[in-house]
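The values are calculated or read from the model by the stated rules, or taken from the named source; none is laboratory data. What you are looking at is a predicted structure, and each value in this text was computed from that prediction instead of being measured. All Cβ positions, glycine included, derive from the backbone under ideal geometry; neighbour counts span all protein chains shown. These accessible areas exclude ligands, DNA and RNA; they are computed on the full protein's heavy atoms, side chains included. Shrake-Rupley method; radii C 1.70, N 1.55, O 1.52, S 1.80 Å.
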Amino acid sequence: MYVADDKRYDSMQYRRSGRSGIQLPAISLGLWHNFGGVDNFENSRAMLRRAFDLGITHFDLANNYGPPYGSAEETFGQILKKDFLPYRDELIISTKAGWDMWPGPYGDLGSRKYLLASLDQSLKRMGLEYVDIFYHHRPDPDTPMEESMGALDTAVRSGRALYAGISAYNAKQTLEAVKILRDLGTPLLIHQPKYSMFVRDPEQGLLDVLEKEGVGSIVFTPLAQGLLSDRYLKGIPSDSRAARDFYLKKKDIGETTLAKVRALNEIAGQRGQTLAEMAVAWVLRDPRVTSALVGTSKVSQVDDNVAALKNLKFSADELRKIDGVLAGKSA
Ligand SMILES: NC(=O)c1ccc[n+]([C@@H]2O[C@H](COP(=O)([O-])OP(=O)(O)OC[C@H]3O[C@@H](n4cnc5c(N)ncnc54)[C@H](OP(=O)(O)O)[C@@H]3O)[C@@H](O)[C@H]2O)c1
């Protein structure tokens, strides 16, 4: 039987999500990869256990995580039943709908029909009565935003979710969503944008909107799917995401990128960190970021990513050097 570590709250840092009552761990674990029906169940289980033992109280899912679609929620549901039910009230579990999930016009995008049916399916797969956060996974240009946000409001009012979130909305769309949800009486808890040293779009207005409106941010893919680590410095390991050549493509690991990764790796070394640790620390240097949402394929990566918390401070000189590397200048 799994018994969580007594010391699990001793060293993790928690940050408040905007102006809400919810604090999230500075590092959260996402189940996009390595928790599907095709993956090793005991490895998935070991990563979740290790994460919780280190104070990671937030696990992030979506309807279509797998493969196959839905299977990460099923895996999570089985592990929850075996290991985490006594700890349910210590956990923030999220899921999402917005990308293609089932055939036909009601299994994708942003209709009320899709979002609420999908949430019911997710709850069933995970064996949960409610999720803590339900997200609209991406904006739908053809559905009125009032309808998609209305579905999030219904999810919360009906007790299927405690809080509402959005992902991949730009700054303008986010402001609109914030206003609609506020009028409905279900404030937006959190936004989930993509943010890393390699993808800095949220700096162009989104983080400002979130700060002003009192909404948190949990930033996904802070390691650029593993590129911002030492994983690819000596080629493409056979057990890596890039080896699967699907979401992270082999062609994305060209010499220009590798030169930046090598230079960043050196700066990380000078800070006494691995590059993965520095990548996590770098997104968390901004207090507007509530949590860094990482993925892992092994228990050791959970440890490494959490070790980032030992050094979140960057000197102005280090930040300048990093910006220089990202702009293509040598370190
Ligand atoms: N809202 C959205 O639209 C959206 C989109 C994408 C992701 N997400 C969320 O964000 C989560 C994280 O996404 P992600 O998995 O792409 O994030 P990531 O943390 O950037 O990449 C994770 C991958 O990096 C490698 N890695 C992790 N820690 C490492 C370490 N310490 N040293 C070396 N390599 C390491 C592993 O790759 P290997 O497998 O090669 O070992 C791991 O699978 C997802 O699970 C999901 O919850 C949300």
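Kindly sort 303, 317 by accessible area of their heavy atoms, largest first, with the probe set to 1.4 Å. Don't jump to the answer; show the numbers that get you there.
Values: 303 50, 317 75 Å².
Order by accessible area, largest first: 317, 303.
Compute the distance in nm between two label points, each set 7 Å from the Cα along the Cα-to-Cβ direction, one at residue 40 and one at residue 53.
Label-label distance for residue 40 and residue 53, simple model: 1.6 nm.
Please work out the ratio of the alpha-carbon Rg of the chain to 2.2 N^0.38 Å and round it to two decimals.
Ratio of Rg to 2.2 N^0.38 Å for the chain: 0.96.
In whole angstrom, and with the biggest value first, how far do the Cα coordinates of the range 29-70 range along each principal axis?
29, 19, 10
Can you list residues whose amide H is under 5 Å from residue 37's amide H, if they're 5+ apart or on another chain and H is modeled 1.01 Å from N?
Correct list: 71, 72.
For the range 270-318, calculate the relative contact order in percent as a whole number, restricting contacts to Cα pairs under 8 Å that are 6 or more residues apart.
On the way: 33 pairs, mean separation 24.3, N = 49.
Reported relative contact order: 50 percent.
For q values of 0.26, 0.28, 0.29 Å⁻¹, compute log₁₀ I(q)/I(0) with the Debye formula on a Cα-only model of the range 243-295, without solvent.
Here log10 of I(q) over I(0) equals -1.01, -1.02, -1.03.
Of 306, 86, 109, which is farthest along the charge dipole of the chain in the positive direction, counting Lys and Arg as +1 and Asp and Glu as -1 at C-beta?
Ranked along the dipole, the leading option is 306.
Using θ = phi - 60° and the Karplus relation 6.51 cos²θ - 1.76 cosθ + 1.60, list the HN-Hα couplings for the range 200-212 in order, rounded to whole Hz, with x at every Gly or Pro.
Couplings: 10, 3, x, 5, 8, x, 4, 5, 5, 4, 4, 4, 5 Hz.
Just the Cα atoms of the range 54-132: what Rg and Dmax do they give in Å?
Calculated on Cα positions, Rg and Dmax stand at 12.8, 42 Å.
Given a 1.4 Å probe and the protein chains all in place, what does the accessible area of residue 32 round to, in Å² to the nearest 10?
It works out to around 80 Å².
Just the number, please: carbon plus sulfur as a percent of the accessible area of the chain, 1.4 Å probe, no ligands or DNA/RNA counted.
On the way: 7420 of 14480 Å².
For the chain, the apolar C and S fraction of the accessible surface comes to 51 percent.
Quote the charge dipole size of the chain about the Cα centre in Debye, to the nearest 20; the model charges only the Cβ of Lys and Arg (+1) and of Asp and Glu (-1).
Details: 43 positive and 42 negative charges, 102 e Å.
Once rounded to the nearest 20, the dipole reads 480 debye.
Treating the beta-carbon of each Lys and Arg as +1 and of each Asp and Glu as -1, no other charges, what is the dipole magnitude of the range 170-249 about its Cα centre, to the nearest 20 debye? Could you put the intermediate results ahead of the total?
Numbers: 11 positive and 10 negative charges, 56 e Å.
For this selection, approximately 260 debye.
Could you tell me the relative contact order of the range 114-221? Use alpha-carbon pairs under 8 Å, at least six residues apart, and round to a whole percent. Mind showing how you got there, number by number?
On the way: 150 pairs, mean separation 25.0, N = 108.
So the answer I get is 23 percent.
Using the Cα centre of the range 161-304 as the reference point, and only Cβ charges (+1 on K/R, -1 on D/E), how large is the resulting charge dipole? Debye, rounded to the nearest 20. Before the final figure, lay out the partial values.
Working: 19 positive and 17 negative charges, 67 e Å.
That gives a dipole near 320 debye.
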